[in-house]
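The values are calculated or read from the model by the stated rules, or taken from the named source; none is laboratory data. Everything numeric in this text was worked out from a predicted model, so none of it was measured. Cβ placement follows ideal geometry from the backbone for every residue including glycine, while neighbour counts extend to all protein chains displayed. Please note that ligands, DNA and RNA were not included when accessible areas were found on the heavy atoms of the full protein model with its side chains. Shrake-Rupley method; radii C 1.70, N 1.55, O 1.52, S 1.80 Å.
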Amino acid sequence: MIPIARPLISEEEKQAVLAVLESGQLAQGEKVAEFEQEFAAFCGARYAVATSSGTTALHTALLAHGIGPGDEVITTPFTFIASANSILFTGAKPVFVDIEPETFNIDPNWVEEAVRERRNKGGRPKAILPVHLFGHPCDIEAIIEIAHRYDLIVIEDACQAHGALVDGKKVGTFATGCFSFYPTKNITTGEGGIILTDSEDVAERARMIRDHGMRKRYRHEILGFNFRMTDIQAAIGLAQLKKLSQWTEQRIKNASYLTEHLNHSPFIAIPIVRKGCIHVFHQYTIRIRGDRDRAVELLKARGIGVGIYYPLPVHQQPLYQNLGYNDSLPEAERASREVLSLPVHPALSSEHLEMIVKAVASLEGEI
Ligand SMILES: *Cc1c(COP(=O)(O)O)cnc(C)c1O
């Protein structure tokens, strides 16, 4: 079976972990500081604050911006649950708006519509939390423009988009950006996350929230958490970061191959890359015009480890239904029924890619 994702761990990561284990400094220390510096430099941000996961990065970033009970945060329903749950953790309310069918990302037109509507109804929209889904940047420039006009905070969920660019600028640096280093992401630290910001104040608050509200040892100024990354994780991250550009190139090459060879199958829609954007292909996600679930079964039977991201939009999850959400968001709902992700990761061989193309072509007449 060709897996949908595979972490690439080499001798370098193993040696880096051993060195940390032998140093005696296992928890947050110099390696975390070094990883923060390197990741900030790679993306072109002033400050980076490493955390225990992408989820805790999002939670911390929202808190560092003062988001809390009574606030509303506009976000996408077509994402991993953590994007929206991070808003719930703060006591604020997620407001879902529909997506662009071409990129699967939040639609800025609906964002503006929601800001106006919530304001007219006495709501308190305070922030926008867009996601750069599958590694394709969302229309962040339009979102930043709306945020300026309505005085809103922006938190970018870049957990799937390490190194993606819009007009030469890395995602996660347009506003406060959050990344994940879970093993299926474009680089990993096992578990881990990071916040990028150009604001010294936001960075300072994020550091305190991550470490029990401390600036000075055992002086607790605010309510914080233990959301720290360990030096073991950071050492893995430093080794991975060196390879990120090369891996991204390989993902893009693999995607080009798939796009070129799948292009002629009438029952699928291939992913697009918008002008000015670099798509880093965390996922290569197609739409199936036919019986999607049957296509999944057949591809798996033919050795292709496909994924469905995501089979149920967030507003239709039992958790959110129980909270009273009953939105109708037709593009997100349709995407959930039609999407299918094919392996695109850098560990694929040319034989794997040929197998994938053949397997997809063989669906003709069967779905
Ligand atoms: C992975 C992911 C997260 C959460 O990251 P974890 O490290 O798993 O906590 C949040 N948002 C999106 C879009 C993700 O893909």
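From the Cα gyration tensor of segment 244-361, with a ≥ b ≥ c the square roots of its eigenvalues, which class applies: rounded if a/c is under 1.5, or else prolate if a/b is larger than b/c, or else oblate? Intermediate results must be reported in sequence, preceding the final value.
Numbers: a/c = 2.03, a/b = 1.54, b/c = 1.32.
Here segment 244-361 falls in the prolate category.
Contour minus end-to-end for Asn322 and Arg274, with contour as 0.36 nm per residue of separation and end-to-end as the Cα-Cα distance?
In short, 13.6 nm is gained.
Rounded, prolate or oblate: pick one for the chain, where a ≥ b ≥ c are the square roots of the eigenvalues of its C-alpha gyration tensor, a/c under 1.5 means rounded, and failing that, prolate if a/b is larger than b/c, else oblate.
Judged from the Cα gyration tensor, the chain comes out oblate (a/c at least 1.5, b/c at or above a/b).
Between the DSSP loop rule and a limit of at most 12 other Cβ atoms within 10 Å, which trypsin sites (Lys or Arg not before Pro) in segment 65-151 are left?
Lys121
Would you mind telling me which residue in Gly168, Gly44, Gly290 has the biggest mean-square fluctuation in a Gaussian network model of the chain, where springs connect alpha carbons within a distance under 10 angstrom?
Per the Cα network of the chain with a 10 Å cutoff, Gly168 tops the list.
Counting DSSP beta bridges in the chain, what percent are antiparallel, to the nearest 5?
60
Could you check the simple spin-label distance between Glu102 and Arg217, using points 7 Å along Cα→Cβ, in nm with one decimal?
The modelled label-to-label distance comes out at 5.6 nm.
Sorting Ile144, Ile278 by accessible area (1.4 Å probe), largest first, what list results?
From most accessible down to least: Ile278, Ile144.
In the Gaussian network model of the chain, springs joining C-alpha atoms below 10 Å, which of Asn254, Asn326, Asn226 carries the largest mean-square fluctuation?
In the Gaussian network model the winner is Asn326.
Only helical DSSP H runs with n ≥ 4 go in: add -39500 (n - 2.57) per run for the chain, normalise by residue count and round the 222 nm mean residue ellipticity to 500 deg cm²/dmol.
-12000 deg cm²/dmol
Using heavy-atom solvent-accessible surface (probe 1.4 Å) with all chains present, what is the largest-first order of Thr189, Thr184?
The ordering from most to least exposed comes out as Thr184, Thr189.
Would you mind checking the pairs Lys170/Lys242; Lys185/Lys300; Lys185/Lys243 and listing those with alpha carbons more than 20 angstrom apart?
On the way: Lys170/Lys242 17 Å; Lys185/Lys300 22 Å; Lys185/Lys243 13 Å.
With Cα atoms farther than 20 Å apart: Lys185/Lys300.
Please work out the average accessible area per residue across the chain, using the 1.4 Å probe convention, and give it in Å². Walk me through the numbers on the way to the answer.
Details: 15760 Å² over 367 residues.
It amounts to 43 Å² per residue over the chain.
Gap in Å between the Cα centre of segment 73-135 and the Cα centre of segment 16-58?
After rounding, the separation between the Cα centres reads 29 Å.
Carbon and sulfur atoms: what percent of the 1.4 Å accessible area of segment 11-241 do they account for?
50
Any chance you could run the full-extension gain for Glu38 through Asp198? It's 0.36 nm times the residue separation minus the Cα-Cα distance, nm to one decimal.
56.1 nm
Quote the relative contact order of the chain in percent (integer), defining contacts as alpha-carbon pairs under 8 Å separated by 6+ residues. Walk me through the numbers on the way to the answer.
Values: 782 pairs, mean separation 82.6, N = 367.
Computed value for the chain: 23 percent relative contact order.
Provide Lys169, Lys14 ordered by accessible surface of protein heavy atoms (probe 1.4 Å), highest first.
Lys14, Lys169
Let me make sure I get this right: for segment 158-250, a, b and c are the square roots of the gyration tensor eigenvalues over alpha carbons, sorted descending. Under 1.5 in a/c it's rounded, otherwise prolate if a/b > b/c, else oblate. Which is it?
Numbers: a/c = 2.93, a/b = 1.59, b/c = 1.84.
Here segment 158-250 falls in the oblate category.
Which ³J(HN,Hα) values, rounded to whole Hz and listed in residue order, are derived for segment 183-191 from phi using the Karplus coefficients 6.51, -1.76 and 1.60 in 6.51 cos²θ - 1.76 cosθ + 1.60 with θ = phi - 60°, glycine and proline given as x?
Each residue of segment 183-191 in turn: x, 8, 6, 5, 9, 10, 10, x, 10 Hz.
Given 0.36 nm per residue, what is the gain on full extension from Glu351 to Arg337 after removing their alpha carbon distance, in nm? If you can, show how the numbers build up before the last one.
On the way: separation 14, 0.36 × 14 = 5.04 nm, distance 2.95 nm.
That works out to 2.1 nm of additional length.
Counting only the backbone N, which residues of segment 206-234 are under 16 Å from the spot 7 Å out from the Cα of Leu26 toward its beta-carbon?
It comes to 228-234, nothing else.
Ala50's amide H: which non-local residues (gap 5+, or another chain) put their own amide H closer than 5 Å, with H modeled 1.01 Å from N in plane and none for Pro or chain starts?
When sequence neighbours closer than 5 places are left aside, the close amide H contacts are Ile195.
Among residues other than Pro311 whose Cβ falls under 15 Å from its Cβ, what is the net charge (Lys/Arg +1, Asp/Glu -1)? Working shown, then result.
Details: positive: Arg287, Arg292, Arg294, Lys300, Arg334, Arg337; negative: Asp291, Asp293, Glu297, Glu333, Glu338.
Net charge around Pro311: +1.
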